[in-house]
1. What distance in nm lies between label points placed 7 Å from Cα along the C-beta direction at residue 61 and residue 48?
2. Please check: in the Gaussian network model of the chain (C-alpha springs, under 10 Å), which one of 221, 239, 147 has the largest mean-square fluctuation.
3. Quickly rank 68-81, 133-146 as a protection proxy: mean count of other C-beta atoms within 10 Å, highest first.
4. If you restrict to DSSP beta bridges whose two residues both lie in the chain, what percentage is antiparallel, to the nearest 5?
5. For labels at residue 171 and residue 114 in the simple 7 Å Cα→Cβ model, what's the distance in nm?
6. As a test of the formula, what do you get for the chain when each DSSP H run with n ≥ 4 contributes -39,500 (n - 2.57) and the sum is divided by the residue count, at 222 nm and rounded to the nearest 500 deg cm²/dmol?
7. Normalised by the number of residues in the chain, what is the relative contact order in percent for Cα pairs under 8 Å and 6+ residues apart?
8. Out of 250, 195, 128, any idea which swings most in a Gaussian network model of the chain, alpha carbons joined below 10 Å?
């Protein structure tokens, strides 16, 4: 296990050839200081506002996708996985129009991509915290593409764009990837690891030092997991908003959408 030697890339309104080359080699790329700390604080406040509203309303799913609940260190009920957040917030809706996010679509060439605001799970917020009653402190090995397979659809390339809202040095856990596995064949994509139930560190995995405001992009075909923090309570907290950039047929979700069956499986193993 080691840190990935990632250059200090910054994301502008266009992706540079060097950035494309790096991403094509590793299947993941990190951009420093995508948002200043002041914007990160506004995003956290907006997420807190939505959480309060959804808890008061007794909301348990959005567009057929279940919310994931847990407890903080004070035993208060909290939402640990949000979905379709931008549909509840004009601020977050506008965030998805950022020209720098739009520039990332070029990483999917030759496919035509788009930001899936009302597809898949929309804008997601993962709120990892390690407490005795937390239901979401780590995530086992997985790739993001087989969701299409289980829905009877062709697996298409996609990107998951992570907007990091907390400082997370490598030693505090966080994202781990098997760099380059986005080039694996279908057999390894489907059976290379035991999806979600396997949390075992891999000798070839790499991680990152991440600061609040940084942005990561990973190819949906790459094997990745989330390492549990060695700490408890607030010191273990790691909040990340994920923007899906997808290809293929437009397939929006609505409040009438059924819950995909794989969500009932993952809610039992995300511990």
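Every number in this text was worked out from the coordinates using simple rules, so none of it is lab data. The structure displayed is predicted, hence computed values, not measured ones. Cβ: placed from backbone, ideal geometry, glycine included. Neighbour counts: every protein chain shown.
1. Distance between label points: 3.1 nm.
2. It is 147.
3. Details: 68-81: 16.6, 133-146: 19.6.
The peptides rank, most packed first, as 133-146, 68-81.
4. Details: 39 of 42 bridges.
The answer is about 95 percent antiparallel.
5. So the two model labels end up 4.6 nm from each other.
6. Values: 7 runs with 62 residues, N = 271.
Calculated at 222 nm, the ellipticity per residue is -6500 deg cm²/dmol.
7. Details: 566 pairs, mean separation 81.3, N = 271.
Normalised by residue count, the contact order of the chain is 30 percent.
8. Judging by the Gaussian network model, the answer is 250.
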